[in-house]
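Asks: Mind having a look at this structure? Questions to follow.
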Amino acid sequence: MLLMVLSSAGCQREILLSEETTNVVINASVLSSTAGLTVDISGPGIEPSLLFSLPAASNGQVNDTIEVPSGGGRRFVVTAIDTNGIATHRADTTVALQPGVLRSLALFLRSLRAPIALRITIDQ
C-alpha cells in the first residue's frame, strides 16, 4: 500500500481566528480489500485531534486534500480500514508542517493482524 502526502502553500482560515494552515494532499494506492483510510492528526494547539475519513475509489486510489494547522509536533496516525470496517494496517509519524515547504516522508503501515508491512510515502 503506497500513500503519498504533499503539503502546499499555507492559507489563512478565518474560522480558526486566521490561524495559519497547510493544505495536505493525500494520494494512496491501496489493497482491493481496503475501503479507505482514516487520518488522525494531533499536536500542540490542535484540540481535539482532527480525524479525516478518506474513502477508496473502485480503482484502489485514495485522493483528497485536507487542511491542517501549520506548526511543529503534528502527529499523523494513518489507518487502513477494510470493507468490513475493520482496521487492518496502521502507521504514525510526527512532523513539522510549514506553509510552502514540500517534503517527502515514507511510512510503513504495519499489519494489525500479521507481520506484514505496507510501504507508505508522505510528501509534505
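The values are calculated or read from the model by the stated rules, or taken from the named source; none is laboratory data. None of the values given here were measured: they were computed from a predicted structure. Counting neighbours? That spans all protein chains shown, and the Cβs are built from the backbone with ideal geometry, glycine included.
Asks: Output the residues belonging to segment 52-63 that are at pLDDT 85 or above and under 18 Å from Thr22 (Cβ atoms).
Replies: Phe52, Leu54
Asks: When the residues of segment 40-70 are narrowed to those that are touching a residue at least 40 places away in the same chain (Cβ under 8 Å) and part of a strand (DSSP E or B), which ends up farthest from Ser111 (Cα to Cα)?
Replies: Let us first name the residues in segment 40-70 that are touching a residue at least 40 places away in the same chain (Cβ under 8 Å), namely 43, 62, 65-70.
Cutting the leftovers down to part of a strand (DSSP E or B) gives us 43, 62, 65-69.
On the way: Gly43: 25, Val62: 19, Thr65: 25, Ile66: 25, Glu67: 27, Val68: 27, Pro69: 29 Å.
Applying the filter and picking the extreme gives Pro69.
Asks: Just to verify a result, which residue in segment 10-22, among those that are surrounded by fewer than 16 Cβ atoms within 10 Å (Cβ to Cβ) and in a strand (DSSP E or B), is modelled with the highest pLDDT? Give the steps one after another, and end with the answer.
Replies: Quick first cut of segment 10-22, residues surrounded by fewer than 16 Cβ atoms within 10 Å (Cβ to Cβ) only: 11-20.
Checking which are in a strand (DSSP E or B) leaves us with 11-13, 19-20.
Numbers: Cys11: 44, Gln12: 40, Arg13: 37, Glu19: 56, Glu20: 84.
If we take residues in segment 10-22 being surrounded by fewer than 16 Cβ atoms within 10 Å (Cβ to Cβ) and in a strand (DSSP E or B), then Glu20 is modelled with the highest pLDDT.
Asks: I need the full set of residues from segment 83-124 which are in a strand (DSSP E or B), surrounded by fewer than 17 Cβ atoms within 10 Å (Cβ to Cβ), at pLDDT 70 or above and over 13 Å from the mean Cα position of the chain (by Cα), in order please.
Replies: Ala87, Ala96, Arg110, Ser111
Asks: What is the number of the single condition among (1) crowded, with 17+ Cβ neighbours inside 10 Å; (2) at pLDDT below 90 that Gly43 does not meet?
Replies: Every listed condition holds for Gly43 apart from (2).
Asks: Test of understanding: among Val62, Val39, which residue is within 18 Å of Leu97 (Cα to Cα), of a type outside the set (Ser, Thr, Tyr) and touching a strand residue (DSSP E or B) at 6+ places or on another chain (Cβ under 6 Å)? If you could, list the steps in order and put the result at the bottom.
Replies: Values: Val62 fails: within 18 Å of Leu97 (Cα to Cα).
Residue meeting the stated conditions: Val39.
Asks: Would you check which residues across segment 25-39 are within 18 Å of Val77 (Cβ to Cβ) and outside any strand (DSSP E or B) and list them?
Replies: Selection gives Val30 alone.
Asks: Let me ask you something else. Please verify whether segment 71-82 includes one or more residues that are at pLDDT 90 or above and polar (S, T, N, Q).
Replies: yes
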